[in-house]
Amino acid sequence: MFSLFQLHRCIQLVFGWLDYHLFEFQISDRRFEGADPEAEGENAASVRLRDLELNSRSSFLYLYDMGDYWEHDITVRGVRQSSRRR
C-alpha cells in the first residue's frame, strides 16, 4: 500500500531533488511529516493514501524546505479501487 512518505519520495524524484529538507502534507485539518524528533504532525510513513478518503478533485498541500517554504497544491485526478488478493 502506498503511503504519504512514498508520495513524498516520488515528488522528490520527479523534481530531481535530493530530499535534504523537511516536508509536510496538509490534508484537511491534519498534518503529516517525515520521521524527525522535532516533528509535530503525524508520521507520513504510517498513513496510506487509501485511508485518507480522498476522491477525484480532492486537493491538499505539500510543503517542502521549511526555510524557503515551497508550497505545492496537489489535486487528485482519479481514484482506483485496489484489488485485494488473499
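How far is helix 4-15 tilted off the main Cα axis of the chain, in degrees rounded to 10, range 0 to 90?
Once rounded, one gets 70 degrees.
Placing unit charges on C-beta atoms (Lys and Arg positive, Asp and Glu negative, everything else neutral), compute the dipole magnitude of the chain about its Cα centre in debye, rounded to 20.
Numbers: 11 positive and 14 negative charges, 208 e Å.
Dipole of the chain, to the nearest 20 debye: 1000 debye.
Report the net charge of residues surrounding GLU40, where surrounding means a beta-carbon distance below 14 angstrom and charges are Lys +1, Arg +1, Asp -1, Glu -1. Intermediate values should be presented prior to the final figure.
Numbers: positive: ARG30, ARG31; negative: GLU24, ASP29, GLU33, ASP36, GLU38, GLU42.
Surrounding charge for GLU40 is -4.
At q = 0.20, 0.21, 0.22, 0.25 Å⁻¹, what is the log10 ratio I(q)/I(0) for the chain, with the Debye formula run over Cα points and no solvent?
Results for the chain at q = 0.20, 0.21, 0.22, 0.25 Å⁻¹ read -0.98, -1.08, -1.17, -1.46.
Zone of ARG57 (label point 7 Å along Cα→Cβ, backbone N under 20 Å): which residues in the range 22-48?
Residues passing the 20 Å test: 27-29.
Which whole-number percent is the relative contact order of the chain (Cα, under 8 Å, 6+ apart)?
Details: 124 pairs, mean separation 23.6, N = 86.
Once normalised by length, the contact order is 27 percent.
Let me have the relative contact order for the range 10-60, percent, based on Cα pairs under 8 Å that are six or more residues apart.
Working: 39 pairs, mean separation 12.3, N = 51.
It comes to 24 percent, rounded to a whole number.
No lab work stands behind these numbers, since they all come straight from the coordinates. Treat the numbers as computed from the prediction; the structure is a model and nothing was measured. We place every Cβ from the backbone using ideal geometry, glycine too, and count neighbours over all the protein chains shown.
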